[in-house]
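A short write-up of the structure that comes next.
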Amino acid sequence: SEFNRFEVFPNPADDYFEFSLESQTEDLELNMYDVNGRVLMTKVFNSQQVKGVNTQNLTTGIYFVEIKNGMQRSIKKLVIQ
């Protein structure tokens, strides 16, 4: 099942992006993939942390941001310019 109201912003992004969820009660795992499906980054966020991700080390292009928490999973496309 997917998360309700999972948003990634700003999109397109430059040096960072943030994400938001309607509600979070447990730790979340974030994975970033390139267009070839390679995992470029994995982070874990607890419910109290700011949901910001530094993207300064990534090149311009299209990426996919996946959020997982138990059986819930959502993916959004992110453009880095």
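The values are calculated or read from the model by the stated rules, or taken from the named source; none is laboratory data. These numbers were taken from a predicted model, which means no experiment stands behind them. Here Cβ is always computed from backbone atoms with ideal geometry, including for glycine, and neighbour counts include all displayed protein chains. Note: areas computed on protein heavy atoms with side chains; ligands, DNA, RNA excluded. Shrake-Rupley method; radii C 1.70, N 1.55, O 1.52, S 1.80 Å.
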Contour minus Cα-Cα distance for Thr59 and Val44 (0.36 nm per residue): 3.2 nm
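Using +1 on the beta carbon of Lys and Arg, -1 on that of Asp and Glu, and nothing else charged, what's the dipole of the chain about the Cα centre, debye to 20?
Details: 8 positive and 11 negative charges, 35 e Å.
Magnitude of the dipole: close to 160 debye.
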Largest to smallest accessible area among Glu7, Glu66 [probe 1.4 Å]: Glu7, Glu66
Label-zone membership for segment 18-45, site Arg5, 7 angstrom Cα→C-beta point, backbone N under 15 Å: 19-25
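Place the peptides 40-52, 20-32 in order of packing, highest mean first, counting for every residue the other Cβ atoms within 10 Å and averaging per peptide.
Highest to lowest by the protection proxy: 20-32, 40-52.
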Euclidean distance between Cα centres, segment 60-75 to segment 34-51, Å: 8
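What FRET efficiency would be calculated for the residue pair Asp15, Met71, taking the C-beta separation as r and a Förster radius of 35 Å, to the nearest 0.05? Please report the intermediate quantities before stating the final value.
Working: r = 33 Å, r/R0 = 0.94.
Computed FRET efficiency for Asp15 and Met71: 0.60.
Roughly how many percent of the accessible protein surface of the chain is carbon and sulfur, given a 1.4 Å probe and a whole-percent answer?
Values: 2310 of 5150 Å².
Carbon with sulfur: 45 percent of the solvent-accessible area.
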Identified option (computed volume of the Cα convex hull per residue in Å³; candidates (i) 134; (ii) 85; (iii) 111): (ii)
Whole-number accessible area per residue in Å² for the chain, which is evaluated in the context of all protein chains at 1.4 Å: 64
